[in-house]
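Take a look at the structure below.
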Amino acid sequence: MAVNMEKLNAFVGKFANDLGAAMHGATILIGEQLGLYRALGEHGPVTSEGLARTTGISERYLREWLAAQAASGYVEYDAGKGQFWMTPEQKFALTNEEGPVFLPGAYYIVSSVYKDERKIAEAIRTGKGFGWHEHHVDLFQGTKKFFRPGYVANLVSTWLPSLEGVVPKLEAGARVADVGCGLGASTILMAKAFPKSKFVGYDYHAESIEWARNDAVTAGVADNTDFEVASANGFGGKGFDLVTFFDCLHDMGNPVEAARHVRQAIKPDGTWMVVEPFAGPTVQANLNPVGRIFYNASIQICVPSSLSQEGQAGLGAQANDAALMEVFRQGGFGRVRKASENPFNRVFEGRP
């Protein structure tokens, strides 16, 4: 087949854009770790010399870092004055870690998959799994930093209120299990919002549980939170008013068995809330920028995690509504519905 040079050039242009984005990711982490975005947001417009005086960091390195950010559209540049600054939107997204749209943290996940790439490739070649716990530590911090802003924006204000009768129970004092809690971001946010309720975060990864315990103390919610090492189909306790799974059901080797365990753990009027990445009903429906993120995460993190466990279900991060609802039904939940969704998340509610 003859090569269409116009189409080839367009594809090469796309590659150049992607290569620039891939290289830029590391400079985002450098800016986050060294506090450069915060410093620029506070002191800009400023030259590289001025930012060097403010931060104590080498001007020559800052000159290159600032130019890289400007080329990527992450900061602004005035060629006449040689000054760099940030728009209000750039400041909001790049400097406020407690806000609902903090972007740099996602690149810790990217860092982890590059560091683990050869191990992941070997798992793909052999068909074997690669467990969550086997990944570089950047994945655990990155997952917290990536997902937490979405939880800040939606969990208390939208997702929990979308569930039938759950918020009044939490306000009065409920028992909640947060399964697959990782570093505990979701658990701690709920514990802060509902101090009369008792929250237990479960995760099979012991190091994450240690981090979660420390963060709970720092956040001032140690009195109404506990964190325990346990799997989704083996966590202890019964009589929970609410069990939550945040962005983890699709990572499990046997999600149906996990669903059955949840069904036994909740009260007769209890609720199972499952938050999953947004996905359309077909592959074609997911061929978009959000689907691109989730499919790439899925092959490098989610599917290998599932295939490393007994059951090897391999749902993947883009499992559609029907596949997820079938997990609920096989797990013994008679009432299942999608309670809420946005461009990045779907929230499912299961009741006995």
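For the reader, a short list of remarks on this structure follows.
- Filtered residue count, region 159-179, keeping only those that are open to solvent by 60 Å² or more (accessible area, probe 1.4 Å) and within 26 Å of the chain's Cα centre (by Cα): 3
- Pairs with Cβ under 8 Å, 6+ apart, first in region 82-110 and within 18 Å of Phe344 (Cβ to Cβ), second surrounded by fewer than 15 Cβ atoms within 10 Å (Cβ to Cβ) and among the aliphatic types (A, V, I, L, M): Phe92/Val101; Ala93/Val101; Tyr107/Ala26
- Complete set of residues in region 313-346 that are small (Gly, Ala, Ser) and part of a strand (DSSP E or B): Ala339, Ser340
- Taken together, Glu310, Glu349, Glu276, Glu257 contain a single residue that is under 29 Å from His133 (Cα atoms) and assigned to a helix (DSSP H, G or I), which is Glu257.
- Scanning region 258-300 for residues that are free of Cβ contacts under 8 Å to residues at least 24 places away in the same chain, surrounded by 15 or more Cβ atoms within 10 Å (Cβ to Cβ) and over 17 Å from Phe146 (Cβ atoms) yields a total of 0.
- Breaking point among (1) open to solvent by 40 Å² or more (accessible area, probe 1.4 Å); (2) not in a loop (DSSP other than H, G, I, E, B); (3) not small (Gly, Ala, Ser), for Thr187: (1)
- Enumerated helices (runs of 4 or more DSSP H) restricted to region 4-116, each holding at least 1 residues that are out of contact with any Pro (no Cβ under 6 Å at 6 or more places or on another chain), farther than 25 Å from Phe140 by Cα and not basic (Lys, Arg): 5-33, 36-43, 48-55, 59-72, 88-95
- Residue pairs meeting the criteria (Cβ under 6 Å; at least 6 apart or on separate chains; first within 16 Å of Ile30 (Cβ to Cβ), in region 42-70; second surrounded by 14 or more Cβ atoms within 10 Å (Cβ to Cβ) and of a type in the set (Gly, Ala, Ser)): Thr55/Ala39; Glu59/Ser48; Glu59/Ala52; Leu62/Ser48; Leu62/Ala52; Arg63/Ser48; Leu66/Ser48
- Pairs are defined by a Cβ separation below 9 Å, a sequence spacing of at least 6 or placement on different chains, a first member in region 149-165 that is without any contact (Cβ under 8 Å) to a residue 40 or more places away in the chain, and a second member that is surrounded by 14 or more Cβ atoms within 10 Å (Cβ to Cβ) and of a type in the set (D, E, K, R); the pairs so defined are Val156/Lys192.
The values are calculated or read from the model by the stated rules, or taken from the named source; none is laboratory data. Bear in mind that the values here come from a model prediction, so they are computed numbers and not experimental data. A quick note on method: Cβ atoms are made from the backbone with ideal geometry, for glycine too, and the neighbour counts reach across all protein chains shown. With ligands, DNA and RNA removed, areas are computed over all heavy atoms of the protein, side chains included. Shrake-Rupley method; radii C 1.70, N 1.55, O 1.52, S 1.80 Å.
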